[in-house]
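Trainee: One structure, pasted below without further comment.
The values are calculated or read from the model by the stated rules, or taken from the named source; none is laboratory data. All values reported here derive from a predicted model rather than from experimental measurement. When we count neighbours, we look across all protein chains shown, and the Cβ atoms used for this are built from the backbone with ideal geometry, even at glycine. In case anyone asks, the SASA skips ligands and DNA or RNA and just uses the protein heavy atoms, side chains included. Shrake-Rupley method; radii C 1.70, N 1.55, O 1.52, S 1.80 Å.
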Amino acid sequence: VDLCSEQAGNINSLNDRNEISLATASFGQGITVTPMQLVRAFGAIANEGKLVEPYIVQTIRNKRGEIVEDRQTKITGQVISPQTSKLLGSMLVSVVKSGHAGKAAVDGYLVAGKTGTAQVPDREKGGYSDDTIHTFVGFAPFNQPRFVMVTKLDHVKAVKYSSDSAAPLFGKIAKFILDYYEVSPEVK
């Protein structure tokens, strides 16, 4: 991405073939991912498996309002099939509609998303501290996605899980975006 300090994630523990690494990696322990990487991965699900190159600024205009630079969407590959992206998206809708992420829902829309509650490593004692990082990543509307977003809260103390912190925040921002862009509801 066109920002200077974006770090790479770390999924090296997936190369370990021992049972503990495989089991803990299945629910996210021992791996790291940046918010931009999360958004890009969910963007591929929303875009029928197409991986899109992220950028921060789309259009630059001069003082007279003339376009100096206008970036076009650049697809860098087909990382999953359209069928797989629809299946994954349907599962993510179920997480919001019928699962533990109901607070991310927006009336009239199918929201696809997933919570994440990460334990923070204790660098002095080893293991994990009592601190957590809460995330919710998703997109809406499911059938014709208009945006992908991640909400992330560090060192949350008031609630235990992201379903009660990052998910409702996502829902509020998603409602604002859908209303602002006058996106027609997809369900009644």
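Trainee: Report the calculated FRET efficiency for residue 158 and residue 133 (r = Cβ-Cβ distance, R0 = 22 Å), to the nearest 0.05. List each step's numbers first, then the result.
Mentor: Numbers: r = 14 Å, r/R0 = 0.64.
About 0.95, to the nearest 0.05.
Trainee: Distance check, please: which entries in 74/103; 103/188; 103/157 exceed 30 angstrom between their Cα atoms?
Mentor: Working: 74/103 33 Å; 103/188 18 Å; 103/157 18 Å.
74/103, as the Cα separations exceed 30 Å there.
Trainee: Let me ask something else about it. If you roll a 1.4 angstrom probe over the protein chains with everything in place, what fraction of the accessible area of the chain belongs to carbon and sulfur, to the nearest %?
Mentor: Details: 6700 of 12380 Å².
On the chain, the fraction of accessible area on carbon and sulfur atoms equals 54 percent.
Trainee: Grab the beta carbon distance between residue 14 and residue 67, set R0 = 45 Å, and tell me the FRET efficiency rounded to 0.05. Could the numbers behind the result be given before it?
Mentor: Numbers: r = 43 Å, r/R0 = 0.96.
Calculated value: 0.55.
Trainee: Let me ask something additional. Using DSSP H assignments, which helices in the chain have an axial alpha-carbon span of 18 Å or above and a mean Kyte-Doolittle hydropathy of -1.0 or higher?
Mentor: Numbers: long enough: 82-97 (22 Å, 0.59); 166-180 (21 Å, 0.87).
Those that pass (Cα extent of 18 Å or more, hydropathy at least -1.0) are 82-97, 166-180.
Trainee: Further, regarding this structure: Give me log10 I(q)/I(0) at q = 0.16, 0.18, 0.20, 0.21 Å⁻¹ for the stretch 84-170, Debye formula, one equal scatterer per alpha-carbon, no solvent.
Mentor: Values, matching the q order: -0.61, -0.72, -0.83, -0.89.
Trainee: Let me ask you something else. Just want to confirm a number: the relative contact order over the stretch 34-180, from Cα pairs under 8 angstrom separated by 6+ residues, in percent. Provide the component values of the computation, followed by the final result.
Mentor: Details: 276 pairs, mean separation 30.3, N = 147.
The value is 21 percent.
Trainee: What is the magnitude of the charge dipole of the chain about its Cα centre, with +1 placed on the Cβ of each Lys and Arg, -1 on the Cβ of each Asp and Glu, and no other charges, expressed in debye to the nearest 20? Present the calculation step by step, with values, prior to reporting the outcome.
Mentor: Numbers: 21 positive and 19 negative charges, 73 e Å.
The dipole of the chain has a size of about 340 debye.
Trainee: If I ignore ligands, DNA and RNA and count only protein heavy atoms, how much of residue 36 is accessible to a 1.4 Å probe, in Å² to the nearest 10?
Mentor: 50 Å²
Trainee: Kindly state, to the nearest 0.05, the FRET efficiency for residue 78 paired with residue 120, given R0 = 30 Å and r defined as their beta-carbon distance. Write down the numbers at each step before the final one.
Mentor: Details: r = 35 Å, r/R0 = 1.18.
In this case the efficiency is close to 0.25.
Trainee: Using the Cα centre of the chain as origin and beta-carbon charges of +1 (Lys, Arg) and -1 (Asp, Glu), tell me which of 28, 43, 183 is placed farthest towards the positive end of the dipole.
Mentor: Toward the positive end, the furthest listed residue is 183.
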